[in-house]
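First the structure, in the form of structure tokens, and then the observations on it.
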């Protein structure tokens, strides 16, 4: 399985992702983009940006572990994962997850499984920024 | 002994900084570090906190060493 894992302040490009994922055997490519939305902060202000930080070595380690676990029960050919760091404005993409598989069923299942695990395990944190205030996002367990 | 601590996410707000140094008792465990944090800083008692050393999550009973570099991690929120 081909694997790309990266995290940086530079966005991924569609061509880069598709060049990595496409092959003669992959009949399905599922590409997910997580886009920053304008939620409302506790004080009623609208979110304008998200700020992301991470423990980068652990991001690579945990994401690689997720890929290994996914490989055991998902039949996919390639995975492309990229996450942004720093400030990301509303409407901009902060995470890309592309999966290539023989059929769409495997691609969608792998994508959903990976995203669910990622949201619980990969050490990245985000802060919601408004014009006047900011607050860390802390998921409730 | 002295340990070097780097915090992430909302824990930085509680510590007032992203990096601090603590003087801790010899033989303290990861769970002891967590208790120290919650005793000395206004951290919500129910907030789960993971402790990482050398790119590995520590079990509760693992012993902290002098001059260790520890990373304190609240629940993740990427994506």
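Yes or no, residue by residue, for (1) under 18 Å from residue B:62 (Cβ atoms); (2) touching a residue at least 12 places away in the same chain (Cβ under 8 Å):
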| residue | (1), (2) |
| --- | --- |
| B:5 | yes, yes |
| B:8 | no, yes |
| B:11 | no, yes |
| B:14 | no, yes |
| B:20 | no, yes |
| B:24 | yes, yes |
| B:29 | yes, yes |
| B:34 | yes, yes |
| B:40 | no, no |
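Here's a check for you: in segment B:50-63, which residue that is outside any strand (DSSP E or B) and more than 28 Å from residue A:51 (Cα to Cα) is farthest from the other protein chains (Cβ to nearest Cβ)?
Looking at the filtered set, the residue picked out is B:61.
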**Item:** In segment A:117-136, the residues that are within 10 Å of chain B (Cβ to nearest Cβ) and in contact with a helix residue (DSSP H, G or I) (Cβ under 9 Å, 6 or more places away or on another chain)
**Value:** A:118, A:121, A:122, A:123, A:124, A:125, A:127, A:135, A:136
**residue B:42 vs. criteria surrounded by fewer than 16 Cβ atoms within 10 Å (Cβ to Cβ) and more than 12 Å from chain A (Cβ to nearest Cβ)** = yes
**Asked** Taking the stated definitions as given, is residue A:114 more than 14 Å from chain B (Cβ to nearest Cβ) and touching a strand residue (DSSP E or B) at 6+ places or on another chain (Cβ under 7 Å)?
**Response** no
**Prompt:** Of (1) out of contact with any helix residue (DSSP H, G or I) (no Cβ under 6 Å at 6 or more places or on another chain); (2) part of a strand (DSSP E or B), residue B:47 satisfies all except one. Which?
**Reply:** (2)
**Item:** Leading residue by the ranking (nearest to residue A:118 (Cα to Cα)) among those in segment B:64-79 that are more than 11 Å from every other protein chain (Cβ to nearest Cβ) and either part of a loop (DSSP other than H, G, I, E, B) or out of contact with any helix residue (DSSP H, G or I) (no Cβ under 8 Å at 6 or more places or on another chain) (or both)
**Value:** B:69
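Considering only residues that are outside any loop (DSSP other than H, G, I, E, B) and farther than 17 Å from residue A:55 by Cβ, look in segment B:14-33 and name the one that is farthest from the other protein chains (Cβ to nearest Cβ).
B:23
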**Asked** Does any residue of segment A:81-103 turn out to be within 14 Å of another protein chain (Cβ to nearest Cβ), farther than 27 Å from residue A:135 by Cβ and surrounded by fewer than 21 Cβ atoms within 10 Å (Cβ to Cβ)?
**Response** no
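Since every read-out is calculated from the coordinates, none of them should be taken as a lab result. Values in this document were obtained by computation on a predicted structure and should not be read as measured data. All Cβ positions, even for glycine, are placed from backbone atoms using ideal geometry, and neighbour counts span all protein chains on display.
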